[in-house]
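Student: Just passing along the structure, written as structure tokens.
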Amino acid sequence: MILVVGGAGYIGSHLVKELVEKKQVIVLDNLSTGHRYLVDERAVFIQGDLGNRADLDAIFEKYPIKAVMHFAANSLVGESVVDPLKYYQNNVAATLTLLETMLKYNVKNFIFSSTAATYGIPNVELITEDYSTNPINPYGRSKLMVEQILADFASAYGLNYVALRYFNAAGAHESAEIGEDHNPETHLIPIVLQHLLGQRDKISVFGTDYDTPDGTCIRDYIHVTDLARAHILALEALLDGKKKTAIYNLGNGLGYSVKEVIETCEKVTGRKAVIEYTDRRPGDPARLVASSQKIYEELGWKAEYSLEEIIASAWKWHSRNAK
Ligand code: UFG
């Protein structure tokens, strides 16, 4: 059985929907930001907290867990700057309790959701995994700290792990049964689509003076189902003994500016956006685009969805769920 911590969240729930086709899945989620309705009904759902030893003991004593996949984290850069305690508590300290419990029950396979925010402000076209890590906010630091803990645990205790550094996750499951449901929403694509559905008056573009061709920030958007498939390949590589430890970027390798994303949303939906140009949002690097060559070479994964397909899947989900 596979324990998916944070399996009621946006990315975790998409992984669970793919994984239940192959494995028995237990989801642990405290529902602080996740939603019960996102969890596939073929998975066992347990409401509880990864920082709570009693919740964890109950699961590890009852079920023969072979691997843990850890998606449960706070992930808002701006919030992490004003409330770092929350980020170090939930993302680092609680993860230590989870890892300690795994060791106690001799569970040695771990898949970790990391982030492009570990790189800080990189100065390259395509970021490879060996590029220096220099996060510029507590969120990125909390994820990098866990990566460092994992490396130490691998040497000292024989923990096997894969850390996956996501670039910009977007899109929704092709069934349109699950999708991105954050409250508050801060991400670009859902915000643009909510606006085009009439749920917001306008869109703000944060900064037009970046050192990029059109002056707006460039990101690498990756479909959430592509992310889910990468997790399953990483899990299989650990379970088969093909990999002991690895760090992989997950992106498309293509950069799109904020303006290009908005234009693609207009094209996909056939609707016109009202745009307001405002100051930069603190902490935004000008360009973040992944090289995903390493995971392609080692596990055979590459992203399949284009930006248009990502937006089309998100549009289908948002339209269906428009309040
Ligand atoms: N943006 C706008 N207007 C909005 C929302 C976003 O212009 O209303 C811009 C942002 O300034 C940024 C781009 O759109 O330039 C993408 O912003 P998102 O908030 O969608 O995503 P981020 O790139 O800020 O964040 C993502 C993940 C984080 C992770 C980060 C790594 O969501 O968890 O990448 O840098 F930390």
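The values are calculated or read from the model by the stated rules, or taken from the named source; none is laboratory data. Remember, it's a predicted structure, so these values are computed and weren't measured experimentally. Backbone-built Cβ (ideal geometry, glycine too); neighbour counts: all protein chains shown.
Student: Looking at (1) closer than 23 Å to Ala8 by Cα; (2) out of contact with any Leu (no Cβ under 9 Å at 6 or more places or on another chain), which is the one condition that is false for Met145?
Tutor: Only one criterion in (1) closer than 23 Å to Ala8 by Cα; (2) out of contact with any Leu (no Cβ under 9 Å at 6 or more places or on another chain) is unmet by Met145, namely (1).
Student: With respect to Tyr10, determine if the residue is crowded, with 24+ Cβ neighbours inside 10 Å and either in contact with a Ser or Thr (Cβ under 6 Å, 6 or more places away or on another chain) or among the aromatic types (Phe, Trp, Tyr) (or both).
Tutor: yes
Student: Please count how many residues of the stretch 43-76 are crowded, with 17+ Cβ neighbours inside 10 Å and of a type in the set (Asp, Glu).
Tutor: Final tally of qualifying residues: 2.
Student: Could I ask something else about it? Which of the numbered conditions does Glu79 fail, given that it passes all the others? Conditions: (1) surrounded by fewer than 24 Cβ atoms within 10 Å (Cβ to Cβ); (2) modelled with pLDDT of 95 or more.
Tutor: Result: Glu79 fails condition (2) only.
Student: Still on this structure, please answer the following. Taking the stretch 175-219 as the region of interest, how many residues are more than 9 Å from the ligand (Cβ to nearest atom) and over 30 Å from Arg36 (Cα atoms)?
Tutor: Total meeting the criteria: 8.
Student: Please find, among Ile262, Ile295, Ile218, the residue that is within 16 Å of Leu164 (Cβ to Cβ) and either touching a residue at least 24 places away in the same chain (Cβ under 8 Å) or in contact with a helix residue (DSSP H, G or I) (Cβ under 9 Å, 6 or more places away or on another chain) (or both).
Tutor: It is Ile295.
Student: Here's another thing I want to ask about it. Considering only residues that are more than 25 Å from Arg229 (Cβ to Cβ), within 11 Å of the ligand (Cβ to nearest atom) and outside any helix (DSSP H, G or I), which ones fall in the stretch 133-174?
Tutor: Across the stretch 133-174, the qualifying residues are Pro135, Ile136, Asn137.
Student: Do any helices (runs of 4 or more DSSP H) entirely within the stretch 22-132 hold 3 or more residues that are among the hydrophobic types (A, V, I, L, M, F, W, C) and within 16 Å of the ligand (Cβ to nearest atom), and if so, which?
Tutor: Correct list: 77-82.
Student: With respect to Tyr131, is the statement that it is in contact (Cβ under 8 Å) with a residue 24 or more places away in the chain and among the aromatic types (Phe, Trp, Tyr) true?
Tutor: no
Student: Spot the failing condition for Val81; the list is (1) in contact with a strand residue (DSSP E or B) (Cβ under 8 Å, 6 or more places away or on another chain); (2) over 25 Å from Ile232 (Cα atoms), and only one is missed.
Tutor: The single condition Val81 does not satisfy is (1).
Student: Note down all Cβ pairs under 7 Å where the first residue falls in the stretch 69-85 and is farther than 23 Å from Asn52 by Cβ, the second is more than 9 Å from the ligand (Cβ to nearest atom), and they're at least six residues apart or on different chains.
Tutor: Pairs that qualify, where the first residue is farther than 23 Å from Asn52 by Cβ and the partner is more than 9 Å from the ligand (Cβ to nearest atom), are Val81/Pro138.
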